[in-house]
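Here's the structure, in structure tokens; my notes come after.
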Amino acid sequence: MNEEACAFCGRVGAAGMHGHHVVPRAKGGKVIEPTCGSCGSFIHKTWSHNELRDTYNTVEKIQADERFQRFVKWLLKQRVDVKFKTERRNGRAEGKYR
Ligand SMILES: [Zn+2]
């Protein structure tokens, strides 16, 4: 069991914990934050690599986004040991949380 807290939702021991590049590695990102699988999926399906590099390039900026806040509000009510996947349809992120 991984006891690390996700930098985005704050849950400890959540499914799919991994080191997430806040700015994608492909765009020269060097900062790595512990991230759960559910937040990682949401972030990558919601924003493009360019948006992550240019705009949503810190944990604080992602957390300040209204879409992320809605997602976390939902996520905190779910089981911590399940990884939720965000799907993208028609160019827009659509998670189970809607
Ligand atoms: Zn998380």
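Derivation of every value follows stated rules applied to the coordinates shown; laboratory data play no part. From a predicted model like this one, the values you see are computed outputs, not experimental measurements.
Listing for the model above:
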{"quantity": "The chain shape via C-alpha gyration tensor axes, a/c threshold 1.5", "calculated": "oblate"}
{"quantity": "Anchor LYS61: aspartates and glutamates whose Cα lies under 12 Å away (excluding residues fewer than 8 positions away in-chain)", "calculated": "GLU51"}
{"quantity": "Relative contact order of segment 1-57, pairs being alpha-carbon contacts under 8 Å that are 6 or more residues apart, as %", "calculated": "32"}
